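S.K.: Have a look at the structure that comes next, please.
The values are calculated or read from the model by the stated rules, or taken from the named source; none is laboratory data. Please read these numbers as outputs of a predicted model, since none were measured by experiment. Every residue, glycine as well, gets a Cβ built from its backbone with ideal geometry; the counts of neighbours run over all protein chains shown.
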Amino acid sequence: MSEPLLPHEPQGKLEGGSGGVPTKPENEGWLPKRRLISLLMMFGFWNVYAMRVNLSSAVEPMQEKYGWDEATKGLVLSSFFWGYVPFQVVGGLIAQRVGGKVVLGAGIAVTAVLTLAIPLCASSLNALYALRALMGAGEAVTYPAANVLYTQWMPSSERAALVAFANAGSYLGTALAFPICGEVIGMANDTSTYIDSKGVQQTGISTTWPSVFYIFGALGVCWVGAWQLLATATPEEMKGMRDDELRFVVATRGEDADAVMEKVTVAKSASPPWRAFLTHRAAWAIYINHSASNWGAYTLLTFLPDYMDTQLNFDIKSSGVLSMLPYLLMFLCSAGAGAVSDRLVRRMSVRRVRILVQCTSFWLAGATLILTGYMENSSAAVVLLTISIGISGMSAAAYNTNYIDVSPHYAGQIFSIGNTIANITGIVTPIVTGQILGDKDSASKDKWRSVFFISAGFYGFATVVWILFMSGKPVAALN
């Protein structure tokens with residue numbers, strides 16, 4: 001199914017340097033400026049996700065200390081999305097106007113300061129709800145701002161690798177935050193007694209839970225300082241950047257990524273094509289696959305500890321390796337898939353590469369998830385779950401990069417719409433899964449299989465849409 005492409009001029013193959021297009025610089029060392037930006041953004045998203053998930057670890061001692069019931073606990077956890085979902089488009093608009101560096105830095109700075117304030121506001125539910133919603137608004141602008149930066153900094157021949165590596169910081173943040181939080185929370189308890197959710201008397205509520213917010217909030221502040229010192233909104237503003245690297249990035253950043261065909265010179269419309277963002281099939285192919293990825297991720301992020309505890313008799317909260325390994329594998333799969341994608345694009349079209357990576361990721365993740373539901377051996381089930389979560393990270397090198405493939409000039413705005421739609425799953429998934437499972441301790445294997453089948457089915461449906469409607473080239477209507 002062909003897509004209308006932008007008017008183009010022949011520019012030759014990048015690697016050959018024909019048509020006046022600069023080749024990739026030689027002997028530039030291990031950290032040229034474009035990779036420095038990708039590395040800084042990776043650590044930025046590490047901080048973003050560490051600050052997002054630390055409440056998931058600290059919420060249990062907070063619940064016992066302040067006497068929250070399960071409904072209140074759920075509201076505290078979900079209040080983040082009250083600000084996160086509606087502020088995506090705002091973030092894209094602001095980033096396009098004032099620059100991605102300022103907006104990304106400001107979003108993480110706001111999140112870091114509010115993270116430091118959580119222990120001070122925890123005794124007041126209304127204050128905590130408001131603070132978490134404001135944190136969501138602060139984090140909402142980060143990914144749209146990042147996509148604006150990608151359009152300025154990422155040459156077409158390295159697009160998948162640099163974008164996937166930067167975005168994979170979110171997986172690394174999740175991987176490391178859980179075990180760190182667990183260790184910090186377990187450092188000291190008081191002498192109080194209380195009845196836990198299972199009706200069992202327990203002794204001692206953690207007194208060190210506030211430290212998880214202080215630690216990750218402080219790290220966020222440190223990152224903001226480094227970002228302000230080392231990053232720029234565009235390569236043209238970067239001091240100390242080699243001339244050949246600057247020419248290479250500027251000449252290729254807005255191109256079609258196909259190296260096996262003539263490249264496309266991307267024409268930019270006077271304003272973002274909002275109607276096309278909401279109606280074009282290539283855009284919806286990305287949104288649906290983004291949503292499928294989030295559905296699977298939020299399902300397992302929210303309910304994995306319960307499944308491991310009640311069905312497999314593993315206490316994931318007390319095992320740093322078990323809680324870290326799936327998301328560490330996710331980081332490696334995402335970064336690796338990005339690097340492999342850029343190599344494959346030298347031999348086949350971008351469309352074929354994005355389809356290959358997306359389908360491999362979702363089909364393997366879905367298949368291993370279904371197999372998990374039928375495993376009687378707990379160790380085998382843990383291995384399959386780890387593989388399922390980890391390999392789903394490959395998809396970010398396909399659908400996430402495709403925002404820039406199809407709309408290199410307005411990637412921030414189109415991503416803001418896609419991320420808004422995809423993160424509605426953060427609200428819907430816990431409700432649907434909770435209704436299927438019912439009470440945590442009475443959830444049967446059949447109910448868990450239904451949960452896994454829904455996620456796998458979403459993966460399968462999304463890949464069909466992807467094969468039929470995605471575009472590997474810039475689309476005129478979306479620029």
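S.K.: Test each condition in (1) assigned to a helix (DSSP H, G or I); (2) not assigned by TED's automatic domain parsing to the domain that holds Q152 for E26 and report the one that comes out false.
M.R.: (1)
S.K.: Please work out if T302 is surrounded by fewer than 22 Cβ atoms within 10 Å (Cβ to Cβ), touching a helix residue (DSSP H, G or I) at 6+ places or on another chain (Cβ under 6 Å), hydroxyl-bearing (S, T, Y) and at pLDDT below 90.
M.R.: yes
S.K.: Continuing with this model, one more query. May I ask you to say which residue of I431, I467 is loosely packed, with under 15 Cβ neighbours inside 10 Å and under 25 Å from S157 (Cβ atoms)?
M.R.: Going through I431, I467 in turn, the sole match is I467.
S.K.: Continuing with the same structure: Being buried (at least 21 other Cβ atoms within 10 Å of the Cβ) and out of contact with any Gly (no Cβ under 6 Å at 6 or more places or on another chain) is the filter here; which residues of the stretch 109-120 pass it?
M.R.: Answer for the stretch 109-120, where residues must be buried (at least 21 other Cβ atoms within 10 Å of the Cβ) and out of contact with any Gly (no Cβ under 6 Å at 6 or more places or on another chain): L114, I118.
S.K.: Okay, moving on. Note down all Cβ pairs under 7 Å where the first residue falls in the stretch 98-111 and is assigned by TED's automatic domain parsing to the domain that holds G217, the second is assigned to a helix (DSSP H, G or I) and among the aromatic types (F, W, Y), and they're at least six residues apart or on different chains.
M.R.: The qualifying pairs are G105/W227; I108/W223.
S.K.: Can I ask one more? Return the pair list, or none, for Cβ contacts closer than 7 Å from residues in the stretch 65-78 that are closer than 18 Å to L120 by Cα to residues that are of a type in the set (S, T, N, Q) and loosely packed, with under 15 Cβ neighbours inside 10 Å, at least 6 apart or on different chains.
M.R.: Sorted first by the residue in the stretch 65-78, then by its partner, the pairs are Y66/S123.
S.K.: Might you check whether a residue that is surrounded by 17 or more Cβ atoms within 10 Å (Cβ to Cβ) and not in a helix (DSSP H, G or I) occurs anywhere in the stretch 317-326?
M.R.: No - not one qualifying residue is present in the stretch 317-326.
S.K.: Go through the residues of the stretch 258-276 one by one and say whether even a single one is crowded, with 21+ Cβ neighbours inside 10 Å and modelled with pLDDT of 90 or more.
M.R.: Yes: one or more hits.
S.K.: Go over the candidates L125, L149 one by one and state the one that is surrounded by 23 or more Cβ atoms within 10 Å (Cβ to Cβ), out of contact with any strand residue (DSSP E or B) (no Cβ under 9 Å at 6 or more places or on another chain) and modelled with pLDDT of 90 or more.
M.R.: Result of the check over L125, L149: L149.
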